[in-house]
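Read the structure below first, then the notes.
FYI, it's all coordinate maths here, none of it is from the lab. No experiment lies behind these values; they were computed from the predicted model shown. Please note: Cβ atoms are built from the backbone with ideal geometry, for glycine as well, and neighbour counts cover all protein chains shown.
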Amino acid sequence: MANTLSLPKEADIKKVLKKDDKDLPGFAQVMAKMLSLCNDPNAAIEDIAKLVETDPGITAKALSIVNSSFFNLRSRVSAISEAVLFLGLDEIKKICLGVTFFEKMVKNSHKKPFDRTFFWRHCLCVASLSQAIAEEIGYPSPEDAYTAGLLHDFGRIVLDRAGRVNYADFCKNAINYTGTLVEEEREIIGIGHDDLGAYYAHRWGFPQKLCLAIQYHHRCFRHLDLSKEDIQFICVVCLADFLAWTQGMGSVDVIFPLALHPGIEKEIQLDTIDFEAVIQKMDEEIENTSEFYGFEFPSSDQYRASLLKANLKLSAINSGAFPEKGDEIHEQKRSVTASFLAPHSSLDPQKILCATLKAICKDFGFERVYILKAAPPLRRLNVVKCLKQKQFSDQLASHYISMGNTENGFLQCLRNKEPAIINGTLPGEKEVLEKFAVSQMLVVPFCSHDKVIGLLGMDHVESGKKIEPGLFSSIAIVANELGRALENASAYRKAKSASLHDGMTGLLNRMAIDDLLKKSFVKAVNEHFAFCVAMIDVDHFKKFNDMFGHQEGDNVLKLISKTLKKMSRPTDHVGRYGGEEFIVILNDTDLSKAVVYAERIRTQIEHLGHLLSDRLQGLGLTVSIGVSCFEDGMKRYDTLVSKADKALYKAKDAGRNRVVSG
């Protein structure tokens, strides 16, 4: 386990928790024993009954569930050992495990907890979904998957009970977060619930695969030296967690950006799962047990609204990028055609694609050329760009090619990274050709970093003439050059972006800000354009480094930079001006509005400091802000910076944590 779990150090745990695990009420001993019994094939029901009956509250809750209308037993039972005769050992284990977790860890609470209703409902949903998915894919121990789903997020309870940062306040502020909840935990609290949960799961002797599922349900794991069964086990929990959030069953009452774990579709054949049956099973189980845990089941309208919000956010974060920068493609010594040179003419990926398609039509005489791009979660190829030729309109955007397990020319092209003619002789090809209204098409892969990122498709849709096999090698060179050009464009964009941004915070650097400030200044002079500058400085920043170390000081700067980006408009420019000093160019803004903006920033960072008060004991996080505004008659752009800087130091002299205009 030491080789596969990347556990936090004890010193890291002490930084984020107020209490030791001894103060977590009875959870470690009871849950560890329960898990041990549930995973022991030789355990007798008497052993489980004895453990449950040591706590009357757990016994009463378990028996109330057993005697509910959901199970419809022939007669009322009054003992756990009796219930097993009607329900079976596995079902009793599941009930007792859930009730023990609920009674010992979830229900008991200190003042001002985060909303346990959403958390517990989420746990039950993920548990039910995990078991159902495990059964669908033939995983050997569906009951273990239920356990992992139930306990995957218990690190959140530890944070709520013992965290230095108030977890209830952290969750209330969740609507302002731009990343996933676990990413925000790492930045604001100092640790994610996944790492914290794995730490205690390992310390308390939980089974190895359960510890793995707890730690890796939000992160990559396929690089680890794990058995296929353990990888599949983690995937089941990851997929169940994803499905629960899409159904409005998250652990907090906020919809976050969702991303399906990239390893799942490589390990689980998603198209073989009856998701309708899986969701229906979750619905039935949660609806029938909700009364025992005191929460209401969302209506179908609430489901649809939550699903819509989740999908909108999912689309927003998945609408990204083209290829990564990869290894250089091997050049071939051939005569140079317009097609070969076309991708070099621009560093804009869209212009590169258009130029390539036009050149292929011109040089090779094809009547229609298009780009097919893979959509991995859906296992299909979509037409993302089509060159319009003569009277042929671009009607292919709605077409897609299903990529199941059927061996055909498209799969051969992707797997072998070689051109292929699709002529309808292999399974599924005829239907595709009918959609495209042709009898033949040529598909040629183009790659980045030795990975296929798309296919060039071409045909003779107007004349219907045959495709000559002799074109393969020439068009393959074009495809190689297309991949290289896209790599160069990506590298150029990254290099240009890096030269304009601060490496630590990701904000614009001083050089970029000065250039933008000059442009705004020229526009203001020529067009009477109103704009302001805000200078922000972290109060007593040196003490952060002295008391907590440079790493914590850097974390403070990163948190402030994220706050500035979140609270600024798209037309504003936010930068790091040096050390702990930040600058914001507020375009189309007068002085009164700039002061309001600055006060909002000051208040939000003060609130952030309150969240971090226990983590940064003895030192409050605040900022002072100086604001200046462009005035007619100004001769130099740096006058604005100078005036804002003077106002900033007036704010500091006035007692810190102030906004002053100059």
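Taking the Cα-to-Cβ direction at Lys543 and at Ser81 and moving 7 Å from each Cα, how far apart do the two end points lie in nm? Between Lys543 and Ser81, the label points sit 6.4 nm apart.
Extension gain, Lys465 to Ala437: 0.36 nm times the residue separation minus the Cα-Cα distance gives 8.8 nm. Applied to region 568-582, the Karplus parametrisation 6.51 cos²θ - 1.76 cosθ + 1.60 on θ = phi - 60° returns per-residue 3J(HN,Hα) values of 10, 7, x, 7, 7, 10, 10, x, 9, 9, x, x, 9, 9, 10 Hz, with x for Gly and Pro. Loop-located GluC sites (Glu not before Pro) in region 549-651 (DSSP state other than H, G, I, E, B) with a sparse environment of at most 15 neighbouring Cβ atoms within 10 Å: Glu631. Distance between the C-alpha centres of region 403-479 and region 119-163: 43 Å, rounded to the whole angstrom. In summary, the aspartates and glutamates within cross-link reach of Lys650, defined as a Cα separation below 18 angstrom excluding same-chain residues under 8 places away, comprise Asp537, Asp539, Glu580, Glu581, Glu599.
Each residue in Leu640, Leu557 was given a count of other beta-carbon atoms within 10 angstrom of its own, and listing them fewest first yields Leu557, Leu640. Charges were assigned to the Cβ only: +1 to each Lys and Arg, -1 to each Asp and Glu. The resulting dipole of region 26-107 about its Cα centre is roughly 240 debye. For region 445-459, 3J(HN,Hα) computed residue by residue from phi via the Karplus equation (6.51, -1.76, 1.60; θ = phi - 60°) reads x, 10, 10, 9, 6, 6, 10, 5, 10, x, 10, 7, x, 8, 7 Hz, glycine and proline entered as x.
Computed 3J(HN,Hα) for region 215-230, one whole-Hz value per residue from the Karplus formula 6.51 cos²θ - 1.76 cosθ + 1.60 where θ = phi - 60°, is 6, 9, 6, 10, 9, 5, 9, 6, 7, 7, 7, 10, 6, 4, 5, 5, glycine and proline marked x. Taking the average, over residues, of other Cβ atoms within 10 Å as the packing measure, peptides 221-234, 563-576 rank 563-576, 221-234 from highest down.
Distance between Cα centroids, region 568-646 to region 494-553: provide it in whole Å. When both Cα centres are located, 10 Å separates them.
When region 140-225 is described by a simple charge dipole with +1 on each Lys and Arg Cβ and -1 on each Asp and Glu Cβ, the residue from Pro140, Gln208, Leu181 located farthest towards its positive end is Gln208. Footprinting exposure proxy ranking of Arg368, Arg76, Arg379, fewest other C-beta atoms within 10 angstrom first, gives Arg76, Arg379, Arg368. Taking 0.36 nm per residue of separation and subtracting the current Cα-Cα distance, fully stretching the chain between Lys358 and Ser642 would add 97.0 nm. Taking other C-beta atoms within 10 Å as the exposure proxy, His540, His528 rank His528, His540 from fewest upward. Could you work out the relative contact order of region 26-107? I mean the mean sequence separation of Cα pairs under 8 Å and 6+ apart, divided by the number of residues, in percent. In percent, rounded to a whole number, it is 39. Would region 501-661 count as rounded, prolate or oblate if I go by the C-alpha gyration tensor, calling it rounded below 1.5 in a/c and otherwise prolate when a/b exceeds b/c, oblate otherwise? Because a/c hits 1.5 or more and a/b exceeds b/c, region 501-661 counts as prolate.
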